[in-house]
Amino acid sequence: MSDILEMSMTQVADAIQAKTVSSVEVTQACVDQVEAWQPKINAFISFDAEDALAQAKAADTDLAAGNVRGPLHGVPLAHKDLFYRNGKRVTCASKILGDLTPDHDATVLTRLSDAGALHLGGLNMSELAMGAAGRNEHFGHCRNPWNPDHITGGSSSGSGASVAARMVFGALGTDTGGSIRIPSTMCGIVGIKGTFGRVSRHGVMPLSYSLDNAGPMTRTVEDCARMMGIVAGVDPNDPSTAQEPVPDYVGQLANASVKGLRIGVPTSYFYDGVAPSVRAALDASLDVYRAQGAEIVDVDVPDMEVYRDLCNVVLKVEAANIHADWLRTRTNEYSTEVRARIEGGLYIPGVRYLQAQRLRGEHVAAFCNQVFDVCDVLHTPGLPIEVPTLADTDAAVGENALAINEKLAWCMRAMNYLGLPGLAVPCGFSGNGLPVSQQLIGPPFSEDLLFEVGHAYQRDTDWHTRAPTLAG
């Protein structure tokens, strides 16, 4: 692997601006990596090496003229193929939207472009962002770079795989029930679902109006903080974005410390039935925090299955509403599994949906009062089981596929209903050699705190520096 690709996003951005390496050199290294890895893991849906290098050349020309576009000047990124780009085909990894050509850019892509980032292509994903395993019957399954027999997690599968395989330095994903954090967990990278409303969704194909989140997926917490600081904030084109000011996420990392912080470990649900090798890695991560001066405390959490079930009600009804016309006129263009999931929302009574929405504020207050009166940050598994294989999650052949698939979003989905931020941070490997991650959960708009905790952990560990090899 090129020495350039061993650098973090932050390191390579600083190196480009210092002119110790050019954007063309960095982009060529990424192009070579994509060409080597794509046949093995199928992370990209669209990729244009010639266009990528032309963007890099323009970035170098600007830099030579003294024009620094921003903190990601000349850095190659790629994004889940549901972020709109004006005049460019977006597929959402589906037949339904395979010919979509938007007439505007997603706000988050505009902000990254204004910060100087390059766009290398559209990344594979679960069809229409519906699926926690990352499977796709239309464009082919994305595969885990640590072992291609295993899933990446979804629905931001290509984002997780491409960042882990060092094809790009960062990517955007979306998260409706864990779809940033699940592939981040399974691919051994960092990913954040911010507080609902923290990041604009203008120009992003929706799955659920009141659950969707967009956010960065990177190799390090520092990189994630840098990217989040660029894309977060109020957007007049998205009335659901919060007015809450965006902190200096990166600046606050300089003095990041967990000394005196209360890190909570749930006494129920999250750790129930955790695989022994996963538990060992999570316990070791708690030992790191303990050594850094944090207080590890037990926390009794509310009934998380209630929140998870209410999230499913909201997701299915809103997805069915978005897809209602296509379900009637283009039924056969959905894969069977995705169509069945979306159609289920048509049979949920309106009263049930309204109850789920009406209770959200009450449940958020109850959760925060019960949990964050006892701790500052909640520590959970990202995935309670070892990363399964593609065959394990295939309902047609996998004997325990339904039970396994249920576990993929087990620790994640409730946070979408509650709208709380969650950060996935790699913390080791399980017995089958695939990554293990901790999930850090905080109160509303505590992304800065989560970044500080995760960054403090990465200062004393090196899991984030591990990279898969092409030989697998």
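Per the listing P239, P245, P216, the residue uniquely over 20 Å from L449 (Cα atoms) and either free of Cβ contacts under 8 Å to residues at least 40 places away in the same chain or crowded, with 22+ Cβ neighbours inside 10 Å (or both) is P239.
Could you say whether any residue in the stretch 416-423 is of a type in the set (S, T, N, Q), buried (at least 20 other Cβ atoms within 10 Å of the Cβ) and either outside the structural domain of N147 (by TED's automatic domain parsing) or in contact with a strand residue (DSSP E or B) (Cβ under 8 Å, 6 or more places away or on another chain) (or both)?
The initial filter retains those residues of the stretch 416-423 that are of a type in the set (S, T, N, Q), namely 416.
Right, trim to buried (at least 20 other Cβ atoms within 10 Å of the Cβ) and you get 416.
Going one step further and asking which of them are either outside the structural domain of N147 (by TED's automatic domain parsing) or in contact with a strand residue (DSSP E or B) (Cβ under 8 Å, 6 or more places away or on another chain) (or both), we end up with 416.
Among the residues of the stretch 416-423, at least one is of a type in the set (S, T, N, Q), buried (at least 20 other Cβ atoms within 10 Å of the Cβ) and either outside the structural domain of N147 (by TED's automatic domain parsing) or in contact with a strand residue (DSSP E or B) (Cβ under 8 Å, 6 or more places away or on another chain) (or both), which makes the answer yes.
Could you please find all residues in the stretch 215-269 being acidic (D, E) and either over 19 Å from L420 (Cα atoms) or not in a loop (DSSP other than H, G, I, E, B) (or both)? Even if it seems obvious, please write down each step before you answer.
Of all residues in the stretch 215-269, those acidic (D, E) come to 222-223, 235, 238, 244, 248.
Correct list: E222, D223, D235, D238, D248.
A single member of R201, R181 is surrounded by 22 or more Cβ atoms within 10 Å (Cβ to Cβ), modelled with pLDDT of 95 or more, farther than 21 Å from A133 by Cβ and not β-branched (V, I, T), and it is R201.
Exactly one residue out of A43, A15, A93 is over 24 Å from the mean Cα position of the chain (by Cα), modelled with pLDDT of 95 or more, in the same structural domain as G233 (by TED's automatic domain parsing) and among the small types (G, A, S): that is A15.
Set side by side, the residues E343, E333, E337 differ, and just one is at pLDDT below 95, out of contact with any Ser or Thr (no Cβ under 6 Å at 6 or more places or on another chain) and not assigned by TED's automatic domain parsing to the domain that holds N405, which is E337.
Being surrounded by 20 or more Cβ atoms within 10 Å (Cβ to Cβ), touching a residue at least 12 places away in the same chain (Cβ under 8 Å) and not hydrophobic (A, V, I, L, M, F, W, C) narrows it down to one residue among S446, S430; which is it?
Details: S430 fails: surrounded by 20 or more Cβ atoms within 10 Å (Cβ to Cβ).
After ruling out the rest, the residue left standing is S446.
Taking the listed residues L408, L423, the one that is within 17 Å of S179 (Cβ to Cβ) and touching a Phe, Trp or Tyr at 6+ places or on another chain (Cβ under 8 Å) is L423, with no other qualifying. Here the condition is being surrounded by 13 or more Cβ atoms within 10 Å (Cβ to Cβ), closer than 21 Å to T91 by Cβ and aliphatic (A, V, I, L, M); of L310, L315, L327, it holds for L327 alone.
The values are calculated or read from the model by the stated rules, or taken from the named source; none is laboratory data. Being a predicted model, the structure only gives us computed values, none of them experimental. Ideal geometry is used to build each Cβ from the backbone, glycine not excepted, and the neighbour counts take in all protein chains shown.
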